[in-house]
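Please treat every number below as a calculation from the coordinates, not as lab data. Note that the structure is a prediction, hence the values are computed from the model and not measured. Using ideal geometry, Cβ is built from the backbone for each residue, glycine included, and neighbour counts are taken over all protein chains shown.
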Amino acid sequence: MIRSTGNASEWWTALAGTAEARVSRSCREMRTTRAALAEVLQERVRRSLLAQPEAQRLIFTVVRGGTRSDQEVYERGPSIADPQGVLLWAKAAYMLERRDPFRAITVAHAQVICGDVEGASETLRLALMQHADHPGRFALWQNLGVVEALRGRPSASLEAYRNAAAAPARVDRVLAGIALCIAGAKCGRADDIRLGAELLRSADVHDASMRIAQAIRARRARGSEAYWGFDQADVEALRAVAPELLPLGLG
């Protein structure tokens with residue numbers, strides 16, 4: 001097993017199986033090499049991950065809320081075809097730059113694509129412990145909410161969304177608000193629906209009802225599973241607390 005020693009040159013030499021003579025490098029050169037390699041690798045991994053067939057169903061509609069046109073951008077470029085290969089390189093990119101918690105999210109997304117939602121949950125929870133003071137922690141919580149939903153654990157999912165909304169520093173209030181409204185309705189938690197609606201109002205979102213409708217349709221597209229399907233009872237639970245968030249005709 002290849003272990004990270006902080007020297008990108010040594011790491012890459014070991015991975016490639018070459019036996020070049022060692023060249024003395026300054027700490028600054030090694031940091032520059034490591035950072036450049038990590039950045040290129042991360043971009044390649046993200047492109048490959050989002051080009052995966054399962055990305056349309058899982059990453060774009062659930063995690064990112066994106067569209068088919070978003071995915072086509074990635075499909076046009078070169079990518080790693082094997083999901084397990086994407087996961088391997090995602091882990092390598094994170095190993096090269098452990099200070100970036102968003103690379104842990106890339107690893108978790110790759111694990112989801114490979115069907116390992118339990119592993120994705122573990123990856124995100126470990127990253128939350130390792131990056132306790134990072135200003136982007138809300139993104140880790142938000143993605144953990146998605147992963148716990150994929151695991152069929154609505155209470156754990158809702159707790160993660162709640163933590164995302166309460167995270168300090170910058171928070172994607174729109175994403176957090178929609179997640180709380182939807183998960184709160186599914187779990188019958190009026191307080192969480194109210195919190196989600198308040199986040200959307202504070203973000204001054206003019207098309208909140210349209211975004212809620214899109215989120216509900218994306219969930220229904222997954223089928224009628226107990227957690228993902230958004231039935232009439234769920235609609236009524238949302239309407240009872242925040243009727244302004246439901247567009248006319250959504251039943």
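Taking 0.36 nm per residue of separation and subtracting the Cα-Cα distance, full extension of the segment from ALA221 to GLU236 would add 3.5 nm. Here the Karplus curve 6.51 cos²θ - 1.76 cosθ + 1.60, taken at θ = phi - 60°, turns the phi angles of segment 106-115 into couplings of 4, 4, 4, 4, 5, 5, 4, 4, 7, x Hz, with x standing for Gly and Pro.
Among 185-196, 131-142, the peptide with the highest mean count of other Cβ atoms within 10 Å heads the list, and the full ranking is 185-196, 131-142.
Proximity of backbone amide H atoms, modeled 1.01 Å from N, is registered between GLY229 and no other residue at under 5 Å, excluding neighbours fewer than 5 places apart on the same chain.
Compute the normalised compactness of segment 138-194: alpha-carbon radius of gyration over 2.2 N^0.38 Å, N being the residue count.
On the way: Rg = 10.0 Å, N = 57, 2.2 N^0.38 = 10.2 Å.
Cα Rg divided by the expected 2.2 N^0.38 Å: 0.98.
A Stokes-Einstein calculation at 25 °C with viscosity 0.890 mPa s, built on the Kirkwood radius of segment 75-161 over Cα pairs, returns a diffusion coefficient of 186 µm²/s. If you plug the beta carbon distance of ARG98 and GLN214 into 1/(1 + (r/R0)^6) with R0 = 41 Å, you get a FRET efficiency near 0.70.
I need the peptides 96-109, 234-247 ranked by packing, meaning the mean over residues of other C-beta atoms within 10 angstrom, with the highest value on top. Please list the in-between numbers first.
Values: 96-109: 21.1, 234-247: 16.8.
Ranking the peptides 96-109, 234-247 by packing returns 96-109, 234-247.
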